[in-house]
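So the structure is just underneath, and the comments pick up after that.
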Amino acid sequence: MSDCIFCKIVAGQLPCGKVYEDEDVLAFHDIHPFARVHFLIIPKQHIATLDDCTPAHEKLLGKMLLLAPRLAKEQGLDSGFKTLINTGRGGGQEVFHIHVHVFGGGDPVSRS
Ligand code: 5GP
Ligand code: ZN
């Protein structure tokens with residue numbers, strides 16, 4: 001998707017603070033964190049929303065979810081974390097390339 005910001009990140013056309021990458025998945029720090037640690041796990045293939053997923057995406061979705069605890073621990077969230085998938089306009093989704101928010105650790109560090 002040429003006009004998708006997360007596809008541009010996957011393609012290396014936009015920078016990101018990379019947390020993890022493999023052949024299927026990319027994880028990177030959210031540009032506007034709402035916790036001390038806040039990163040996104042996305043598939044490399046463009047899927048707009050959770051509502052667009054089919055049984056064909058079962059393995060990919062499972063991989064994304066199973067990465068959450070592993071990467072959260074690597075980012076220092078030893079005592080737990082939150083996950084969030086916003087779906088559709090009514091669900092507060094702003095970027096229409098499916099992503100799992102993983103966050104925790106209290107307030108973000110002031111960036112002023
Ligand atoms: P949504 O509301 O769609 O679930 O969340 C989209 C998230 O993507 C937001 O938390 C927003 O801060 C983050 N975001 C939007 N554009 C960029 C970007 O260019 N780079 C990074 N790293 N995060 C982004
Ligand atoms: Zn995309």
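Assorted remarks:
- Computed about the Cα centre, the dipole magnitude for the chain is approximately 220 debye when only Lys and Arg (+1) and Asp and Glu (-1) carry charge, each at its Cβ.
- Just the protein heavy atoms count here, and of the accessible area of the chain at 1.4 Å, carbon and sulfur take up 53 percent.
- Whole-Hz ³J(HN,Hα) from phi, Karplus 6.51 cos²θ - 1.76 cosθ + 1.60, for region 5-12, glycine and proline x: 4, 6, 5, 5, 5, 4, 6, x
- Close amide H pairs (under 5 Å, H built 1.01 Å from N) link residue 44 with 25, 26, residues at least 5 positions away or on another chain.
- Across region 92-102, coupling constants 3J(HN,Hα) worked out from phi with the 6.51/-1.76/1.60 Karplus curve, θ = phi - 60°, read x, 6, 10, 10, 8, 9, 3, 8, 9, 7, 10 Hz, and Gly and Pro carry x.
- Count Lys and Arg as plus one, Asp and Glu as minus one, and take only other residues whose Cβ is under 15 Å from that of residue 73; the net charge is then +1.
- In the context of the full set of protein chains, region 1-62 has a per residue accessible area of 58 Å² (1.4 Å probe).
- Taking all Cα pairs closer than 8 Å and separated by 6 or more residues, the relative contact order of the chain comes to 32 percent.
- Where the alpha-carbon atoms of region 12-71 are placed on the principal axes, they occupy 34, 28, 22 Å, in descending order.
- Cysteines of the chain lacking any other cysteine Cβ under 4.7 Å from their own Cβ: 16, 53.
- D (Stokes-Einstein, µm²/s), Kirkwood Cα radius, region 65-112, 0.890 mPa s at 25 °C: 200
- Scalar couplings 3J(HN,Hα) for region 76-86, obtained by applying the Karplus form with A = 6.51, B = -1.76, C = 1.60 to θ = phi - 60°, are x, 8, 6, 9, x, 7, 10, 10, 8, 10, 7 Hz; x denotes Gly and Pro.
- Between helix 58-74 and the chain: long-axis angle, C-alpha atoms, 0 to 90°, nearest 10: 10
- Mean residue ellipticity at 222 nm, helices only, the chain: -6500 deg cm²/dmol; runs of at least 4 DSSP H residues each add -39,500 (n - 2.57), and the sum is divided by the number of residues.
- If the Kirkwood radius is taken over C-alpha pairs of the chain, then at 20 °C and 1.002 mPa s the Stokes-Einstein diffusion coefficient equals 149 µm²/s.
- The residue list 81, 105, 54 was ranked by how far each Cα lies along the charge dipole of the chain toward its positive end, using unit charges on Cβ atoms, and 105 comes out on top.
- Cut-off 11 Å between beta-carbons: net charge of the residues surrounding residue 34, Lys and Arg +1, Asp and Glu -1: 0
The values are calculated or read from the model by the stated rules, or taken from the named source; none is laboratory data. In this text the structure is predicted, and so the values were computed from the model without any measurement. Reconstructed Cβ throughout: ideal geometry from the backbone, glycine too, with neighbour counts over all protein chains shown. Heavy atoms of the whole protein, side chains included, go into the accessibility calculation; ligands, DNA and RNA do not. Shrake-Rupley method; radii C 1.70, N 1.55, O 1.52, S 1.80 Å.
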